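Enquirer: I'd like to ask some things about the structure below.
The values are calculated or read from the model by the stated rules, or taken from the named source; none is laboratory data. Being a predicted model, the structure only gives us computed values, none of them experimental. FYI the Cβ positions are ideal-geometry reconstructions off the backbone, even for glycines, and counts take in every protein chain you see. We work out accessible area using only protein heavy atoms, side chains counted, and drop any ligands, DNA or RNA first. Shrake-Rupley method; radii C 1.70, N 1.55, O 1.52, S 1.80 Å.
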Amino acid sequence: LPAMTNNLTTTNRHSHLPARNSAVLKRKAVVIGEAVASDDADRIFPDQDFAQQAHVPDFGKYLEMYTWSIEDPAGFWSEMADGFYWKKKWGQQVNSENLDITKGNIKIEWFKGGITNICYNCLDRNIESGNGEKIAIHWEGNDRGVDDSLTYNQLLDRVCQLANYLKENGVKKGDSVIIYLPMLMELPISMLACARIGAVHSVVFAGFSAESLEQRIIDCKPKIVITCNAVKRGTKVINLKDIVDSALSESSQNGVHVGLCLTYANEPAMKREDTKWQKQRDVWWQDVVPKCSTKCDVEWVDAEDPLFLLYTSGSTGKPKGVLHTTGGYMVYTAATFKYAFDYKPSDIYWCTADCGWITGHSYVAYGPLLNGATVLVYEGVPNYPDPGRCWDIVDKYKVTIFYTAPTLVRSLMRDGNEAILGSVGEPINPSAWRWFYNVVGDSRCPISDTWWQTETGGFMITPLPGAWPQKPGSATFPFFGVQPAIVDEKGKEMEGECSGYLCVKTSWPGAFRTLFGDHERYETTYFSAFPGYYFSGDGCSRDKDGYYWLTGRVDDVINVSGHRIGTAEVESALVSHPKCAEAAVVGVEHEVKGQCIYAFVTPVEGVEYSEDLKKSLVLSVRTNIGAFAAPDKIHWAPGLPKTRSGKIMRRILRKIASRQLDELGDTSTLADPNVVDQLIALADS
Ligand code: 6R9
């Protein structure tokens, strides 16, 4: 089945494009499990007018560039890097060590010896080329009518002020800074300010709990934590400062003391006087940052100096600090943004991702700003105060490129369908309807499905709108410089039509360089499963036309509404509950979220099953990880299906969870086969 967790984008530059088949509607059919044949009838051809103006107008041009990128990576990427400002050019050539694990330690380096700064390239360079008065960021607040915008000049001023403040407070090149902010303009400002002075930012998604934040603080030992007092998400006010307070006091007790917490007063959400305050540690952003100078010299860094750390989930309980460096990441995010979105300077671009995830790093902040784009940043939730909000925002700012996750499309389609059905007796927001009808329904706009990961830094397999026909549900072909390989269980690369494990053969500039503080885990997790390859953790097939189809994770990672969650993390959160003896978590298909979390729980001896216990187990996950990781279902388990060696058989749990009871397969290797019947009997209790 085609994947359910893809990232989607739609380009609406030419509103005169003729109506075509609806890719999104087909995609929805894919998502809910209807078979979609991959024959010609299902291909969606690029509009000729659109293709003609595209950076890559046809497949021939793609092949020419792709071949160049593979045969001469040094030459190709040098050309891509040339548009940027380098204080000093890199050495004689782009140094991309092959990923062949048999050669020993994995050490990926690109543009080594080159000296640059990504903040300079996002801001100063674009200003110098005459774009200072162009809008860099449009910001739309949670509540209708609350908005703001910054030109490139203004953004640079703000970034410099914060950079100066950080410097004055002892933040130096190589120090880390944790940013725990919602989608305020201060979030990209903070990232850029760190980059300007060579500090390593680590953004923690503001939906993470105090315990998750604490864990990250302890791991990367930041000089400063940047946060705000509160945020409004729809009608709810979330007190972020309380979360930070608790994380900071816990981390202090664990030996990591952070002496400064710079707090932005987000007054529409919470007044300053209502915020809990620790005088010796907390400082209001508004009291100090605006007083700093708007001029701040750039810290020139090596292409291989670290830019940021971003924690992501894997198959063990401990989140991994994915480390990206400066030069390669810069060139790669900029190039992927330009080509995959066919970006033109007149575009207005909106990516609904939060900067707390990699999509927000690469395609809200760096990729677009490196291209001098106008970016929309939205604080709120997509369906607040009504399902039309997204399309209102698109209308308000005349968005021409809209990048979002399928979960949002699915949820809005569901709302949209209800609205249409409901329009018999109730008014439907007209602009929402128009946009939905014209753009989503008629699909006049190319829709791209971009496959990539936190680890890859940027798009790996992605359509180039204009260059070839789409197949709904397929991410289509590799980006320049990317050599995918589909391998079998033994790690043997397969040719032609096939399906197996998705790997990548050689390095690309946006690749992560290590897991923070654990290079060994980096090598074993990603480069030892199939020696000689980077292993993505995803399953994939390739059809007769060479199109790639992602089929989802093959490890113990679940993708809930585009959020990557490790089953082991959820299990350890459940087991930390005093009444939980054992837990096993699997992912189950969900109409809107793609996958949802389904937990089998064995209470400790003598504890009775109850609704209250279910609630408090779910709460335990919320406080350990965050609300987005809360299980949708707790299934009581007197025992878990285990092999005689004690390994939990998740295959069986997945079938029980999705109620495919006649497909349980071989249960004879279970230590106690009765467990399965017990579980089935308790399915709806
Ligand atoms: C960018 C991002 C990575 C995992 C990845 C895969 C899934 C991402 C996809 C896709 C199918 C696509 N994924 N894009 N699956 N089609 N177009 O999401 O990064 O949070 O690290 O998640 O997301 O399973 O391995 P990240």
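Enquirer: Need one number for the chain: average projected area of the convex hull over its C-alpha atoms, nm².
Expert: Over every viewing direction, the Cα hull of the chain projects on average to 30.7 nm².
Enquirer: Moving on. Counting alpha carbon pairs within less than 8 Å and at least 6 residues apart, what relative contact order, in whole percent, applies to the chain?
Expert: Computed value for the chain: 17 percent relative contact order.
Enquirer: Now for a different question. Please give the FRET efficiency for Asp143 paired with Ser528, using the beta carbon to beta carbon distance and R0 = 41 Å, rounded to the nearest 0.05.
Expert: Efficiency computed from Cβ-Cβ geometry: 0.25.
Enquirer: Next question, about the same structure. So which of Lys471/Lys593; Lys88/Lys173; Lys471/Lys655; Lys173/Lys291; Lys88/Lys295 end up more than 24 Å apart, counting from Cα to Cα?
Expert: Listed pairs above 24 Å: Lys471/Lys655.
Enquirer: Give me the one-decimal nm value for the distance between modelled label points at Glu168 and Glu267, 7 Å along each residue's Cα-to-Cβ direction.
Expert: 2.1
Enquirer: For the chain, what does the helix formula give at 222 nm: sum of -39500 (n - 2.57) over DSSP H segments with n ≥ 4, over the residue count, nearest 500 deg cm²/dmol?
Expert: Result for the chain: -8000 deg cm²/dmol, rounded to the nearest 500.
Enquirer: Once the Cβ-Cβ distance between Lys615 and Lys221 is put in as r, and R0 is 35 Å, what FRET efficiency do you end up with, to the nearest 0.05?
Expert: Efficiency for this residue pair is about 0.45.
Enquirer: For the stretch 240-363, take N as its residue count and report Rg(C-alpha) divided by 2.2 N^0.38 Å.
Expert: Working it through for the stretch 240-363, the quotient is 1.38.
Enquirer: Could you run the Karplus curve 6.51 cos²θ - 1.76 cosθ + 1.60 with θ = phi - 60° over the stretch 387-399 and give me ³J(HN,Hα) per residue in whole Hz, x for Gly and Pro?
Expert: Along the stretch 387-399, the couplings run x, x, 4, 4, 6, 4, 5, 4, 5, 4, 9, 6, 4 Hz.
Enquirer: Please compute the alpha carbon radius of gyration of the stretch 223-310, then divide it by the globular-protein estimate 2.2 N^0.38 Å. Two decimals is fine.
Expert: Here the answer is 1.30, to two decimals.
Enquirer: What's the percent breakdown of Cα-Cα distances in the stretch 106-208 across 10 Å bins, shortest bin first?
Expert: Percent of pairs per bin, in order: 14, 38, 34, 12, 2, 0.
Enquirer: Mind listing the long-range amide H neighbours of Leu670? Cut-off is under 5 Å, sequence gap 5 or more, other chains count too, H placed in the peptide plane at 1.01 Å from N.
Expert: none
Enquirer: Let me ask you something else. Rounded to the nearest 0.05, what FRET efficiency is calculated for Asp632 and Asp543 with R0 set to 35 Å and r the Cβ-Cβ distance?
Expert: Calculated value: 0.60.
Enquirer: Still on this structure, please answer the following. Could you work out the local net charge near Asp297, counting Lys and Arg as +1, Asp and Glu as -1, over the other residues with Cβ closer than 14 Å to its Cβ?
Expert: Summing Lys and Arg as +1 and Asp and Glu as -1 gives +3.
Enquirer: How far is it, in nm, from the label point at Trp300 to the one at Ser249 when both lie 7 Å from their Cα along the line to the Cβ?
Expert: 4.7
Enquirer: Given 25 °C and 0.890 mPa s, how large is the Stokes-Einstein diffusion coefficient of the stretch 480-555 in µm²/s, with Rh as the Kirkwood radius over Cα pairs?
Expert: This corresponds to a translational diffusion coefficient of 189 µm²/s.
Enquirer: Something else now. Can you list the HN-Hα couplings for the stretch 485-499, worked out from phi with the Karplus curve (6.51, -1.76, 1.60; θ = phi - 60°), rounded to whole Hz and with x for Gly and Pro?
Expert: Result, ordered by residue: 9, 9, 10, 8, 4, 8, x, 8, 5, 9, 9, x, 5, 6, 8 Hz.
Enquirer: Project the alpha carbons of the stretch 449-587 onto their principal axes and report the range along each, largest first, in whole Å.
Expert: So the three principal-axis extents are 56, 32, 27 Å.
Enquirer: While we're looking at this one, here's another question. Any idea what the dipole of the chain comes to, in debye rounded to 20, about its Cα centre with Lys/Arg Cβ at +1 and Asp/Glu Cβ at -1?
Expert: 880
Enquirer: With a 1.4 Å probe and every protein chain left in place, work out the accessible area per residue of the stretch 227-344 in Å², rounded to a whole number.
Expert: Value for the stretch 227-344: 39 Å² per residue.
Enquirer: Along the charge dipole of the chain, Cβ charges K/R +1 and D/E -1, which of Cys596, Ser249, Ile106 sits furthest on the positive end?
Expert: Going by the charge dipole, the pick is Ser249.
Enquirer: In nanometres, what is the gap between the two model label sites at Thr235 and Gln483, each 7 Å from Cα along Cα-to-Cβ?
Expert: About 5.7 nm, to one decimal.
Enquirer: Regarding the stretch 599-685, what is the average projected area of its C-alpha convex hull, in nm²?
Expert: Orientation-averaged projected area of the Cα hull: 6.3 nm².
Enquirer: For Asn383, put the label point 7 Å out on the Cα→Cβ axis and report which residues of the stretch 172-214 keep their amide N under 20 Å from it.
Expert: Within reach of a label on Asn383: 207.
Enquirer: Right, something else. Ignoring ligands, DNA and RNA, what percent of the accessible area of the chain is carbon or sulfur (1.4 Å)?
Expert: Taking all protein chains in place, the chain shows 51 percent carbon and sulfur surface.
Enquirer: Let me ask something else. Using θ = phi - 60° and the Karplus form 6.51 cos²θ - 1.76 cosθ + 1.60, what ³J(HN,Hα) does each residue of the stretch 629-646 get, whole Hz, x for Gly and Pro?
Expert: My calculation for the stretch 629-646 gives 9, 5, x, 7, 9, 10, 10, 5, 9, x, x, 10, x, 10, 6, 5, 8, x Hz in order.
Enquirer: Would you kindly calculate the mean projected area, averaged across all directions, of the convex hull enclosing the Cα atoms of the stretch 552-636, in square nanometres?
Expert: For the stretch 552-636, the mean projected area of the Cα convex hull comes to 5.1 nm².
Enquirer: Convex hull over the alpha-carbon atoms of the stretch 185-262: what's its volume per residue in Å³?
Expert: 85
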